[in-house]
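The values are calculated or read from the model by the stated rules, or taken from the named source; none is laboratory data. The model shown is predicted, which means the values in this text are computed figures rather than measured ones. A quick note on method: Cβ atoms are made from the backbone with ideal geometry, for glycine too, and the neighbour counts reach across all protein chains shown. Surface accessibility is based on the protein's heavy atoms, side chains included, excluding ligands, DNA and RNA. Shrake-Rupley method; radii C 1.70, N 1.55, O 1.52, S 1.80 Å.
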Protein chains: 2
Amino acid sequence: MSTSGARMTDNDTSQITERKRGSGVKLVYDLLRDEILDLKLAPGSAIDEVQLAARFGMSRTPIREALVRLVGEGLIETLPNRSTMVSNIDFLGMPAYFDALVLMYRVTTRLAAQHHTVNDLIIIRERQAEFSAAVAGQDALEMISTNADFHSAIAAAGRNAYYASFFDRLLGEGRRMLRLYYQSYDDRLPPRYVDEHEEIIAAVEARDVAAADQLGKAHGEQIVEQIGRLLTRNDRLDIDL
Amino acid sequence: MSTSGARMTDNDTSQITERKRGSGVKLVYDLLRDEILDLKLAPGSAIDEVQLAARFGMSRTPIREALVRLVGEGLIETLPNRSTMVSNIDFLGMPAYFDALVLMYRVTTRLAAQHHTVNDLIIIRERQAEFSAAVAGQDALEMISTNADFHSAIAAAGRNAYYASFFDRLLGEGRRMLRLYYQSYDDRLPPRYVDEHEEIIAAVEARDVAAADQLGKAHGEQIVEQIGRLLTRNDRLDIDL
DNA sequence: TGTATTTTTCTTGTCGACAAAGAATATGGA
DNA sequence: TCCATATTCTTTGTCGACAAGAAAAATACA
């Protein structure tokens, strides 16, 4: 009970009304996923099925199903017969992560330049507007998730479901790292992401594949570089000279 | 290598021996996955939880959990409140699939050339030996799954878990298409895959990144080309002039 | 006092049963 | 005969309960 310290009285989930059959798992899954990705549930913290069941006012069965799904996405880990916990962020695997992330930035932006339709552009611009608003409002959590949504929309315009789903998974994992990043920087806004997004949109609209590729690469590498700076800075703080 | 150990030689009639707690889901998951990927369960065919429960001699709960996992991998689809069925092979999405597959062939082979250890090579050679044996024995199913295992081992040597898991998923989906391919060709053996694998191993061992990239690309494109031939040929048959 | 062993506790894994949601089938009226 | 409505049937979604494993706590023993 010492760990997790999950406050359950503050959130709005306590009002249990008649739920539609089959909607429970999605509810639990979505909420838990968001809480994990927003670091409201700390990596490594324990997850108790009966506690969740009580919190959501349902039996353990649908809770369990949601957890199985999250395990499938790597957001949760289970020790057989023993414990269930939020997956830790794999710092050692970060180079590999960034490698994959940058590649997917490139590939999806490139494909979007090739295959987008007018409707795709409308959706992409909507996402960009949401991201822009979040930046203006200095809402870090919203910034992070709308940023992911923006790139997810780009990927969708690329018309490759395999890349899109893989990219979504990477972006999800990235939300946790970015959250860590902004947390330590006191929720200050990111330097030039909004402008870079605009450039990407322009390249996609112009169907300029080379430019889209290049911008995707630069955008990705810029994020990588910033996170890298964070980590080295944190190292210094930890060593505490 | 597919299913090792206890394979039910008799259909359905499972003498239920005392099962270890928690082993049930994995059993069901592994077996169902293999049956789906080997096309023993036809795409689009219905899946009945009760029937499976009876077949495996266990309650619906663990069955359900295995199904949820398979849904997560896209191998099974569920219509809410109604039916569960094996996912259809998405022929329209095949260009996208091949695009992703070739890219992953390239990336994983390239990374393997960079990061492999001596131990990786041993494992890779084991997989290649198994594949070679399957080809020699003209066992199509074994050929397909050992081929996937070979490339999975290459990916593992690349030390990028994100690429590896994505690649594994693609290879899984590919097993179904390949199975379709060999089925229609009467289980004849593939032309030069064994040799190409040897070339890949040599390039990886020599840490020749450029060659590894090139070979991965060629290997992937060769498969794509063959499947393409199959499809056009099938189209002709379907039209039946 | 320190360690080995038993007991308790706590969480997960599995079960059988029941209710809801559609689909399939039967019934009734024109 | 044909269509609209009611009824049954099948399959899934959810529940509460219980047993198994493993850690924590309690006990026994030197």
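Placing unit charges on the Cβ atoms of the charged side chains and taking the dipole of the stretch B:94-239 about its Cα centre, the candidate lying farthest along the positive direction among B:I124, B:S152, B:Y162 is B:Y162.
Which number do you get for Rg(Cα) / (2.2 N^0.38 Å) in the stretch B:24-86? The partial results should precede the final answer.
Numbers: Rg = 10.5 Å, N = 63, 2.2 N^0.38 = 10.6 Å.
Output field value: 0.99.
Which one, A:G22, A:G174, A:G72, has the greatest fluctuation when you compute a Gaussian network model over chain A with C-alpha springs under 10 angstrom? Per the Cα network of chain A with a 10 Å cutoff, A:G22 tops the list. Element breakdown for the stretch B:94-239 at a 1.4 angstrom probe: carbon and sulfur atoms account for 52% of the accessible area. When accessible surface is computed with a 1.4 Å probe, chains A and B are found to bury approximately 1900 Å² between them, both chains counted. On C-alpha positions alone, give me the angle between the axis of helix A:94-115 and the longest principal axis of chain A, in degrees, nearest 10. Approximately 60 degrees, to the nearest ten. Helix A:209-239 and the longest principal axis of the C-alpha atoms of chain A enclose an angle of approximately 50°.
Over the stretch B:94-239, with the other protein chains present, what is the accessible area per residue in square angstrom, probe 1.4 angstrom?
On the way: 6420 Å² over 146 residues.
Here the residues of the stretch B:94-239 average 44 Å² of exposed surface.
Compared with the alpha-carbon gap, the fully stretched path from B:R21 to B:Q114 is longer by 29.3 nm at 0.36 nm per residue. Accessible surface area normalised per residue over the stretch A:12-86 is 56 Å², counting heavy atoms of protein chains with a 1.4 Å rolling probe. For the stretch A:64-106, a decrease in accessible area of 30 Å² or greater in the assembled protein chains relative to the isolated chain, with a 1.4 Å probe, applies to A:E65, A:V68, A:N81, A:A96, A:D99, A:L103.
Below 8 Å between Cα atoms, with a sequence gap of 6+, how large is the relative contact order for the stretch B:94-239 in percent? The normalised contact order for the stretch B:94-239 reaches 38 percent. Taken over the C-alpha atoms, the stretch A:94-239 has Rg and Dmax values of 14.8, 52 angstrom. Comparing each chain alone with all protein chains together (probe 1.4 Å, DNA, RNA and ligands left out), the residues of the stretch B:153-176 losing at least 50 Å² of accessible area are B:Y162, B:Y163, B:F166.
When the alpha-carbon atoms of the stretch A:57-128 are used, the pair Rg, Dmax equals 18.7, 52 angstrom.
Most fluctuating residue of A:R229, A:R106, A:R127 in a GNM of chain A with Cα springs under 10 Å: which is it? Highest fluctuation of the listed residues: A:R229.
The calculated 222 nm mean residue ellipticity attributable to helices in chain A amounts to -23000 deg cm²/dmol, summing -39500 (n - 2.57) over DSSP H runs of n ≥ 4 and dividing by all residues. Between identical copies, the spacing of B:E198 label points, each set 7 Å from Cα toward the C-beta atom, reads 5.9 nm from nearest to farthest.
Where is the GNM fluctuation largest for chain A (alpha-carbon springs, 10 angstrom cutoff): A:K20, A:K217, A:K40? Comparing A:K20, A:K217, A:K40 in the GNM, the peak value goes to A:K20. Which one of B:S83, B:G44, B:L31 has its Cα pushed farthest toward the positive end of the charge dipole of the stretch B:24-86, where Lys and Arg give +1 and Asp and Glu give -1 at the Cβ? Sorting the options by dipole projection puts first B:S83.
Calculate how steeply helix A:60-72 sits against the longest principal axis of the alpha-carbon atoms of chain A, using the helix alpha-carbon long axis, and give the answer as 0 to 90 degrees to the nearest 10. Compared with the principal axis, the helix lies near 30 degrees.
Dipole size of the stretch B:94-239 about its Cα centre, with +1 on Lys/Arg Cβ and -1 on Asp/Glu Cβ: approximately 300 debye, rounded to the nearest 20.
With a ≥ b ≥ c the root eigenvalues of the C-alpha gyration tensor of the stretch B:86-169, is it rounded (a/c under 1.5), prolate (a/b larger than b/c) or oblate? Since a/c reaches 1.5 but b/c is at least a/b, the shape of the stretch B:86-169 is classed as oblate.
A Förster distance of 41 Å, applied to the separation of the beta-carbon atoms of B:D48 and A:D34, puts the FRET efficiency at 0.75. Solvent-accessible area assigned to carbon and sulfur over the stretch A:12-86 amounts to 51 percent, based on a 1.4 Å probe.
Normalising by the residue count of the stretch A:12-86, find the relative contact order in percent from Cα pairs under 8 Å and 6+ residues apart. It would help to have the intermediate numbers written out before the result.
Details: 67 pairs, mean separation 28.0, N = 75.
Once normalised by length, the contact order is 37 percent.
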